[in-house]
Amino acid sequence: MKYDPYDRSIVENPYPTYQWLRDEAPVYHNEEIDFWTLARWDDVLDAHLDTTTFLSGHGVTIEGFDPPGAMLINKDDPDHLAHRKIVNRIFTPRAISDLEPKVRQIAGDLLEEHRDANRLDVVTEYSAALPMLVIAELLGLPEEIRPLLRDQSDRILSRDEGETGVPEDAANAMAEMMATLAGTVADHYDHPRDDILSMLIQAELTDSVGEHRHLTQEEVTNRLVELTIAGHETTAKLVANGAVALTWYRDQRKELAADPSLMPNAVEEMLRWDPPSHLQGRWVEEDVTLHGVTIPADSRVGLLTAAANHDERQFEEPELFDIHRKIERHVGFGFGTHLCIGAALARLETVIAFDELLARFPDYELDGSPTRAWGSNVRGLAHLPIVLDPAKS
């Protein structure tokens, strides 16, 4: 048996392979792509916390095609922490709380647009649209560029079956997004406003050599790019995966419709059971030995968070979806210093997405077969058609 994140059967259902990795190959080497993986809960959690051994500055994909150091996720401390402190100002508890009415309005409006048609593609018309509109609202991005950004974000992350490199269209989309947002950043330099983007421009950091400075114009653009992509992609996949779970576990869906107070814990279970992010890439500069196997220095390592979240050593009956499960912690958003910076916003969006959906259409049904999206580290759906109210069909 082998683990290949591009194999069709594994993309469709990776969990049996994760079970094999945890039991038989907790430290695994894929020679073809040349990366290692850790699959057990303790190993994955420890690696997330040990940022001096498991580095992010060489890129966080298993292929290593992401440019080191350009994005926040690709930085190591202390540089990472200095930049993260600035971005943290966007996602304060107060800022997230203040967004709730707007998120509810956006979610409700998106659903009402499809009431008469009684059909909805959960991904393209709801779970992807909602976070893109919210992050654009939070960052104050011009309305005229928002449709462009959503299309570019989708293309950046899209992969065809078996594709292990960066598709030309994905590279083009990244360049387009950089240009789109660079124009917005430049306009803010010329015409400062009282908004978050201007706050990023004016913020001061202490960099890795102790110099006090402002972000460069390129760094501000990079922050916007990563916030736009991450703010869109995680919730888009999470809501769709959760919508499928609630068609499989209908009794639990009825409970949630009857008692929305159960929703926050249900979202934590969605993050554990079928998270959007399945692995985070790291780099080791020295030999690391675990379970009698040595990962050699200068190797890329995938931390299989989705496998860890199904480890029987940590979770009882992990293959079952249970909205009442007591979850002390999971690694659905990563862990430690690189914990997803927008986790609180993604949680809020997902809770509200299901609150609004189940309040209006508690009996929704799948309408045909979902279409799987392809990617090495993000698992989710490209399309999930549903009938909103089967009684009206």
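In region 4-56, the qualifying residues are those that are over 21 Å from the mean Cα position of the chain (by Cα) and among the aromatic types (F, W, Y), and the one that is nearest to I295 (Cα to Cα) is W36.
Selection over region 152-194 of residues that are modelled with pLDDT of 75 or more and exposed (fewer than 14 other Cβ atoms within 10 Å of the Cβ) gives a count of 14.
Scanning region 348-366 for residues that are in contact with a Ser or Thr (Cβ under 9 Å, 6 or more places away or on another chain) and not in a strand (DSSP E or B) yields a total of 5. Filter region 8-33 down to the residues that are assigned to a loop (DSSP other than H, G, I, E, B) and touching a residue at least 40 places away in the same chain (Cβ under 8 Å), then identify the one that is surrounded by the fewest Cβ atoms within 10 Å (Cβ to Cβ). Only one residue tops the list, namely I33. Is it fair to say H338 is farther than 24 Å from N13 by Cβ and at pLDDT below 95? Yes. Counting only residues that are touching an Asp or Glu at 6+ places or on another chain (Cβ under 9 Å) and of a type in the set (F, W, Y), which one in region 270-329 is nearest to L246 (Cα to Cα)? Here the answer is F321. Residues of region 34-56 that are assigned to a loop (DSSP other than H, G, I, E, B) and surrounded by fewer than 17 Cβ atoms within 10 Å (Cβ to Cβ): D34, D50, T52, T53. Taking residues in region 350-370 that are of a type outside the set (A, V, I, L, M, F, W, C), and partners anywhere that are loosely packed, with under 14 Cβ neighbours inside 10 Å and assigned to a helix (DSSP H, G or I), the pairs with Cβ atoms closer than 6 Å and at least 6 places apart or on different chains are D363/P390; E365/P390. Scan region 242-261 and tell me whether some residue there is over 19 Å from H80 (Cβ atoms), acidic (D, E) and touching a residue at least 24 places away in the same chain (Cβ under 8 Å). Yes, there is a match, as at least one residue in region 242-261 is over 19 Å from H80 (Cβ atoms), acidic (D, E) and touching a residue at least 24 places away in the same chain (Cβ under 8 Å).
As for region 244-251, it holds no residue that is touching a helix residue (DSSP H, G or I) at 6+ places or on another chain (Cβ under 9 Å), crowded, with 21+ Cβ neighbours inside 10 Å and either small (G, A, S) or in a loop (DSSP other than H, G, I, E, B) (or both).
Please go through region 88-104 and pick out each residue that is assigned to a helix (DSSP H, G or I), surrounded by fewer than 17 Cβ atoms within 10 Å (Cβ to Cβ) and either touching a residue at least 24 places away in the same chain (Cβ under 8 Å) or of a type in the set (S, T, Y) (or both). Scanning region 88-104 gives N88, P93, A95, S97, E100, K102, R104. Within region 285-309, the residues that satisfy the criterion of being touching a helix residue (DSSP H, G or I) at 6+ places or on another chain (Cβ under 8 Å) and hydrophobic (A, V, I, L, M, F, W, C) are L290, V301, L303, L304, A306, A307, A308.
The values are calculated or read from the model by the stated rules, or taken from the named source; none is laboratory data. Everything numeric in this text was worked out from a predicted model, so none of it was measured. So basically every Cβ, Gly included, is an ideal-geometry build from the backbone, and we count neighbours across all protein chains shown.
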